[in-house]
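Before any comments, here is the structure.
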Amino acid sequence: MKTMAISQFKTHALKIIDQITKDHESLVITKRGKPVARILPFEDNENVAKPGQLADTLVFEQDIIAPLGEEMWEVCS
């Protein structure tokens, strides 16, 4: 992660933001050597699952023991 003094960022902000967009790298802004802010590239979160989106994807079976057979369940107890 790159760091940059706040005075340099203030002078070249538009060019730096364009570079962050192009490189997809974050930048830490410092003031007197101490970190004060982080500039992150924008990420489009359209592919992230939203609450309730996966609700209809599960399949419920009526009998969960039959696929293995009852003898397999006896071994596990």
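The values are calculated or read from the model by the stated rules, or taken from the named source; none is laboratory data. Small disclaimer: the values here were computed from a predicted structure and weren't measured. Note that each Cβ is placed from the backbone with ideal geometry, even for glycine, and that neighbours are counted across all protein chains shown.
Side notes on the structure shown:
- The residues listed here are 49, 5, 37; of these, the one that is modelled with pLDDT under 75 and of a type in the set (Gly, Ala, Ser) is 49.
- For residue 2, the stated conditions do not hold, so it cannot be described as in contact (Cβ under 8 Å) with a residue 24 or more places away in the chain, of a type in the set (Lys, Arg) and in contact with a helix residue (DSSP H, G or I) (Cβ under 7 Å, 6 or more places away or on another chain).
- In segment 13-60, residue surrounded by the most Cβ atoms within 10 Å (Cβ to Cβ) [restricted to those that are part of a loop (DSSP other than H, G, I, E, B) and of a type in the set (S, T, N, Q)]: 26
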